[in-house]
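*Asks:* Sharing a structure with you now.
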Amino acid sequence: VASDELFQAVRIQRMMSNFKTMRVFTSDDPVGVQLGGALKNPLAVGAGMVAGMGFGTNTLSAVVVRASHELRQLAAAMGGNPRTIDGLAGIGDLMLTCFSSQSRNQRCGQRLMKGETVEDIQKEYTVEGIPTADVAIIYGDMCGLELPIFRCVHALIHKKITPDEAVMSLMGRGSQYETKNAPKHPRTISFN
């Protein structure tokens, strides 16, 4: 439960919590919670695309980790707390949606890579990741963010690039540190 007024979130938390079957967490970052909840959907479409192209779990995991980095960047640029994305409203929801065979978004990505159309898929069920892919690009442009995974997913949805071009676009990027601002010489622990 997220609210600018944390005491309101705690009040709802206490009403909803059932310590046997449901545990509710609070946040004072509604922007981050909303962005995490909405923008994980196009990333899950992308996860389905990765699986639909025949890549395995290692590749899928790498894409999801890098996608979470883009989600954090976008949340921060839009006024949310990037740490919110590290929690259940971000990574938790992203993992579930990207790795679950019950995820409509993930199934949609797989079906798109098999040649089905967005229109045909959406006749069967709602795919939140399709319209929110457009939103992610609009927000990314507003904030001046690169967002290569979001952009590849968006371009694949709209058939602006082929799957092979998407792979080349992501794999052809320059090498970089996994985390920026990481210490160059982390502390070592002595066991003497």
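The values are calculated or read from the model by the stated rules, or taken from the named source; none is laboratory data. Just so it is clear, the model here is predicted, and its values are computed rather than measured. Using ideal geometry, Cβ is built from the backbone for each residue, glycine included, and neighbour counts are taken over all protein chains shown. With ligands, DNA and RNA removed, areas are computed over all heavy atoms of the protein, side chains included. Shrake-Rupley method; radii C 1.70, N 1.55, O 1.52, S 1.80 Å.
*Asks:* I'd like to know if the range 49-59 contains one or more residues that are of a type in the set (S, T, N, Q) and touching a Gly at 6+ places or on another chain (Cβ under 9 Å).
*Replies:* Taking every residue of the range 49-59 in turn, none turns out to be of a type in the set (S, T, N, Q) and touching a Gly at 6+ places or on another chain (Cβ under 9 Å).
*Asks:* Something else now. Being open to solvent by less than 70 Å² (accessible area, probe 1.4 Å), in a loop (DSSP other than H, G, I, E, B) and either at pLDDT 95 or above or more than 28 Å from Ile121 (Cβ to Cβ) (or both) narrows it down to one of Gly48, Gly54, so name that one.
*Replies:* The unique qualifying residue is Gly54.
*Asks:* Given the options Gly80, Gly56, Gly92, Gly48, name the one that is under 23 Å from His158 (Cβ atoms) and of a type outside the set (Asp, Glu).
*Replies:* Gly48 is the lone residue from the list that is under 23 Å from His158 (Cβ atoms) and of a type outside the set (Asp, Glu).
*Asks:* To continue, here is another question. Filter the range 110-143 for residues that are farther than 20 Å from Phe99 by Cα, outside any loop (DSSP other than H, G, I, E, B) and of a type in the set (Val, Ile, Thr); which is most open to solvent (accessible area, probe 1.4 Å)?
*Replies:* Per the criteria, the residue is Ile138.
*Asks:* With touching a helix residue (DSSP H, G or I) at 6+ places or on another chain (Cβ under 9 Å) and either open to solvent by 50 Å² or more (accessible area, probe 1.4 Å) or under 30 Å from Glu124 (Cα atoms) (or both) as the only criterion, which of Ile85, Ile91 stands out?
*Replies:* Result of the check over Ile85, Ile91: Ile91.
*Asks:* Still on this structure, I have one more. Among the listed residues Arg83, Arg72, identify the single one that is among the basic types (Lys, Arg) and closer than 24 Å to Met171 by Cα.
*Replies:* Arg72
*Asks:* Now, a different point. Name the residue that is modelled with the highest pLDDT, counting only residues in the range 80-109 that are of a type in the set (Gly, Ala, Ser) and in a helix (DSSP H, G or I).
*Replies:* The residue in question is Gly109.
*Asks:* Could you please find all residues in the range 79-104 being more than 13 Å from Gly37 (Cα to Cα) and in contact with a Leu (Cβ under 8 Å, 6 or more places away or on another chain)?
*Replies:* Listed by number, the residues that qualify are Phe99, Ser103.
*Asks:* Among the candidates Ala76, Ala67, which residue alone is assigned to a helix (DSSP H, G or I), aliphatic (A, V, I, L, M), within 16 Å of Leu35 (Cα to Cα) and open to solvent by less than 30 Å² (accessible area, probe 1.4 Å)?
*Replies:* Ala67
*Asks:* Taking the range 14-34 as the region of interest, how many residues are in contact with a Lys or Arg (Cβ under 9 Å, 6 or more places away or on another chain) and within 19 Å of Gly90 (Cα to Cα)?
*Replies:* Count: 3.
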